[in-house]
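The values are calculated or read from the model by the stated rules, or taken from the named source; none is laboratory data. Keep in mind it's a predicted model, so treat the numbers as computed, not measured. Here the Cβ positions follow ideal geometry from the backbone for every residue, glycine too, while neighbour counts run over all protein chains shown. What goes into the accessible areas is simple: the full protein's heavy atoms, side chains included, and nothing from ligands, DNA or RNA. Shrake-Rupley method; radii C 1.70, N 1.55, O 1.52, S 1.80 Å.
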Amino acid sequence: MMMDDYTLPFWIYLGVLAVFVGGAMKKILASHLSTAPTLVAWLGVTVLVERLWAFCMPALLLLMLLGLVWCLYSSTRTRPPPPTLSAQGKAVFITGCDSGFGKATAKCLDSMGFEVFATVLDLSGEGARELQRTCSPHLTLLQVDITQPQQVDQALLDTKAKLGLRGLWALVNNAGVCVNFGDAELSLMSNFRGCMEVNFFGTLSVTKSFLPLLRQAKGRIITISSPAGDQPFPCLAAYGASKAALNLLIATLRHELEPWGVQVSTILPSSYKTGQSINQAYWEKQHKQLLQGLSPALLEEYGEDYVTETKELFQSYASHANPDLTPVVDAIVQALLSPQPQVRYFAGPGVGLMYFVHSYCPSSISNRFLQKLFVKKKLVPRTLRKQSSFDLNLSLHNNNNNNNNNNNNNEEEKLK
């Protein structure tokens, strides 16, 4: 009967209040501020919201309904396209164009009239040959490994020679690697260093080298990062740590370069089929290297089946990734040509929801959301399985003893 007294708006209110308070507490704990005054302030706001809800609930519900109708109307009506800058006369330097986002972006920008400088690891590779075959003579291919300072310096000289007295309109930091999968304890130190070397230090090297040309043109820096740099994706510690370092670097550059007129944007893609992610041999090679690099004791504790399951889950996740790279390329084009580019672009379905859950929900909910969304592991490490089995057997043994004791007591009662 008590449940019947609570109406639907009341439960809506409780849900909103729970999210509000949970998000507030999460922000307080994450910011390491003095808890007492901040908590008092949030409690005061909560009480105020509660009072306003009690007096204005019908009006608020009406406003929410009107807002929903307006959003639906706005999404369906045709709008004039937002104003954009012209691509003519603008030069763009893109790293990592052998495949994936880099190659697709280089082809798109070349077709739009940009002067494109596209770096590849191998000038004789399939990706480079495709760009030479399909793009205009205005596209310049450069062989650059961004972890090699001499190659970065040479690329800068070649770019300056082509530009003459002009500056560089944009740098697109696309080159990156993900060279591991698995728990952090199982990941090789070489994998951590490899991710940092390319994703962070390599990008930093290119950015620092080309900044004078970018400042001259009051241009833009566009960096392809990952939600794994902001959120704790399971089994992606090495990759996520390198992207977290990159995200902080880019955020710092955004503040430092604002007085120079250089605008800085980050692209955050969802899951796409790029690079080696669809290569079966790549996953098998990574799996073999991981097993060979583990100590016998650690492999015994986790179990080879646990490691193999992780590899298979990653393969399955990659096989279901989106092959259409258009959302990412479109986001890069918007960041290049918008008069006021956004700080962050969510490129692909689900990324905005992911960040909303991470930002406003308690950690227990956001972590469970990531686990369900990403790698859904069923096995636990072998040692924990053995321990769980032992505990179960012990519990069954204790239950049997208790049942026997109860039976004995009942028989004694009957004899009396």
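Structure values in brief
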{"read-out": "Residue list for region 265-285, filter: more than 30 Å from Ile221 (Cα to Cα) and either without any contact (Cβ under 8 Å) to a residue 24 or more places away in the chain or open to solvent by 30 Å² or more (accessible area, probe 1.4 Å) (or both)", "value": "Asn279, Gln280, Ala281, Tyr282, Glu284, Lys285"}
{"read-out": "Set Leu157, Leu165: member being modelled with pLDDT of 90 or more, open to solvent by 30 Å² or more (accessible area, probe 1.4 Å) and assigned to a helix (DSSP H, G or I)", "value": "Leu157"}
{"read-out": "Of all residues making up region 323-343, the number that are open to solvent by 40 Å² or more (accessible area, probe 1.4 Å) and either more than 17 Å from Cys108 (Cβ to Cβ) or among the hydroxyl-bearing types (Ser, Thr, Tyr) (or both)", "value": "5"}
{"read-out": "Residue match in region 365-377 (condition: modelled with pLDDT under 85, more than 26 Å from Asp110 (Cα to Cα) and either over 19 Å from the mean Cα position of the chain (by Cα) or in a strand (DSSP E or B) (or both))", "value": "yes"}
{"read-out": "Candidates Thr105, Thr119, Thr147 - the one that is in a helix (DSSP H, G or I) and touching a helix residue (DSSP H, G or I) at 6+ places or on another chain (Cβ under 8 Å)", "value": "Thr105"}
{"read-out": "Single match in Lys273, Lys288, Lys208, Lys218 (criterion: basic (Lys, Arg) and under 27 Å from Val380 (Cα atoms))", "value": "Lys288"}
{"read-out": "Options Phe346, Phe314; residue that is outside any loop (DSSP other than H, G, I, E, B) and either acidic (Asp, Glu) or open to solvent by 80 Å² or more (accessible area, probe 1.4 Å) (or both)", "value": "Phe346"}
{"read-out": "Residue within region 172-189 that is part of a helix (DSSP H, G or I) and either free of Cβ contacts under 8 Å to residues at least 60 places away in the same chain or surrounded by 21 or more Cβ atoms within 10 Å (Cβ to Cβ) (or both) present", "value": "yes"}
{"read-out": "Those residues of region 232-248 which are modelled with pLDDT of 90 or more and in contact with a helix residue (DSSP H, G or I) (Cβ under 6 Å, 6 or more places away or on another chain), in sequence order", "value": "Ala238, Tyr239, Gly240, Ser242, Lys243, Ala244, Ala245, Leu246, Asn247"}
{"read-out": "Which listed residue is open to solvent by 50 Å² or more (accessible area, probe 1.4 Å) and under 22 Å from Ser338 (Cα atoms), from Arg215, Arg193", "value": "Arg215"}
{"read-out": "Set Leu299, Leu291: member being free of Cβ contacts under 8 Å to residues at least 60 places away in the same chain, closer than 27 Å to Asn191 by Cα and surrounded by 15 or more Cβ atoms within 10 Å (Cβ to Cβ)", "value": "Leu299"}
